[in-house]
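Every number here is computed from the coordinates shown, using simple stated rules; none is lab data. Note that the coordinates shown come from a computational prediction; the quantities given were computed from them, not determined experimentally. We place every Cβ from the backbone using ideal geometry, glycine too, and count neighbours over all the protein chains shown.
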């Protein structure tokens, strides 16, 4: 052995020891070298629509960009066209077209959030799956992630913290994430222009229902249990969870729910959504008698008209004294689900809506700072408390309330316990998203505990983990930090 070769192996051994010291035995951080198997023979599974092949990395079978549906613009989704040849599903599929992300132009945000916004296409109805085994007859709990971004932006891949590999490998669950229609494509209410567009104001939500139906029909070949599905989401994703809890079409497709910094109790009244639809058509210069022309308008033109219409109708609502009092509802006025009497029969916070999901246990919570570093957040916490209190008073299944108070050391502590910060902890991705968390043994250990809380909730309906006090339902609140406390 030459001196150069010997030095290489000494350095390699040192690197292995360094990596193995970063996490507990049996987790990915203990490993030095990663394994990757890309053979279709190893990873192919047969879905209802056709066979798909993914890849196996460090013991996790990963599938990306699988079509769960197809849709014409402004029409409800339907089953995807079937295929017979093995479909490669190794890279994320298209994301829903959307406006420019302002954070791209802020170096500090771009560094800490580490966004991956992919490529846009209106043919964006795709799911991603992470699992520790396929075709094995196992019934692993399934966790379906709904991304943030309000109802206008984001994707199932936008944050590196959304990666489901660690939950699948170390926690025994199957993770699913998805893309669906957003903004003007998912929530433009054209129902005033005829029955063909009756559901157009809620297409983003009916897309998610379609994805949950895909999970029901296909997840068993990925080693998952279709009778034990948990939906969880953050910010806008939490709002989607709240909306699904009130949708009759979603009943029976999930069995537990988690709302992270996204409690939404009010959807948009159709009075305003139809005004926005009419104003959008007017801004486009389309004669209502030829409303079908809206299906061929270039996306950028469509979005510009829609944004102008939302601003116009928002001003009308303000002048008429009907702009929502709640700050969150003001911020998302226009682009959110619609109480249309059919897809969403009642306001999500109403007793009638809660009756739809009365038997669903729910975790609800916020971070300490959310959007402001210097004080406790006034946007999400009051709604989270109200949602927890209302569901409890209505006799619903247990509600587990939390507040995440751990503060990131990144950028000299400027982030605090900011909006989105709990996500890498929930996914056990503290080290993977260290530009946001800072990494380090203490934070990684907290991530192990919090991810165990969420996955044990998915397994049993009760959040529990070593190192965390027994979590009693509301009105008790779990303060999640290095030393978690029940208050």
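Compared with the dominant Cα axis of the chain, that is its longest principal axis, helix 299-319 is turned about 70°.
Could you tell me the relative contact order of the chain? Use alpha-carbon pairs under 8 Å, at least six residues apart, and round to a whole percent.
After rounding, I find 13 percent.
Dividing the summed helix terms, -39500 (n - 2.57) for each DSSP H run of n ≥ 4, by the number of residues in the chain produces a 222 nm estimate of -9500 deg cm²/dmol to the nearest 500.
Over segment 270-331, the ratio between the Cα radius of gyration and 2.2 N^0.38 Å evaluates to 1.23.
Please work out whether the chain counts as rounded, prolate or oblate from its C-alpha gyration tensor, where a ≥ b ≥ c are the square roots of the eigenvalues and a/c under 1.5 means rounded, while otherwise a/b larger than b/c means prolate and anything else oblate? Judged from the Cα gyration tensor, the chain comes out prolate (a/c at least 1.5, a/b above b/c). Using the Kirkwood formula over every pair of different C-alpha atoms, what hydrodynamic radius in Å results for segment 60-118? Mean inverse Cα-Cα distance, inverted, gives 14.7 Å. Using a cutoff of 8 angstrom between alpha carbon atoms and counting only pairs six or more residues apart, the relative contact order for segment 270-331 works out to 37 percent.
DSSP beta bridges fully contained in the chain are about 35 percent antiparallel. Legend: P(r) of segment 334-487 from all alpha carbon pair distances, 5 Å bins from 0, whole percents, reading 2, 9, 16, 19, 18, 15, 10, 6, 3, 1, 0. Over segment 385-464, all Cα pairs binned in 10 Å intervals from 0 give whole-percent P(r) values of 18, 41, 27, 12, 1, listed from short to long. Helix 381-393 and the longest principal axis of the C-alpha atoms of the chain enclose an angle of approximately 80°. Relative to the longest principal axis of the Cα atoms of the chain, the long axis of helix 270-284 makes an angle of roughly 90 degrees. Label sites at residue 483 and residue 445, each approximated as a point 7 angstrom past Cα along Cα to Cβ, lie 1.3 nm apart. Projecting the alpha carbon convex hull of segment 217-296 along each direction and taking the average yields 8.3 nm².
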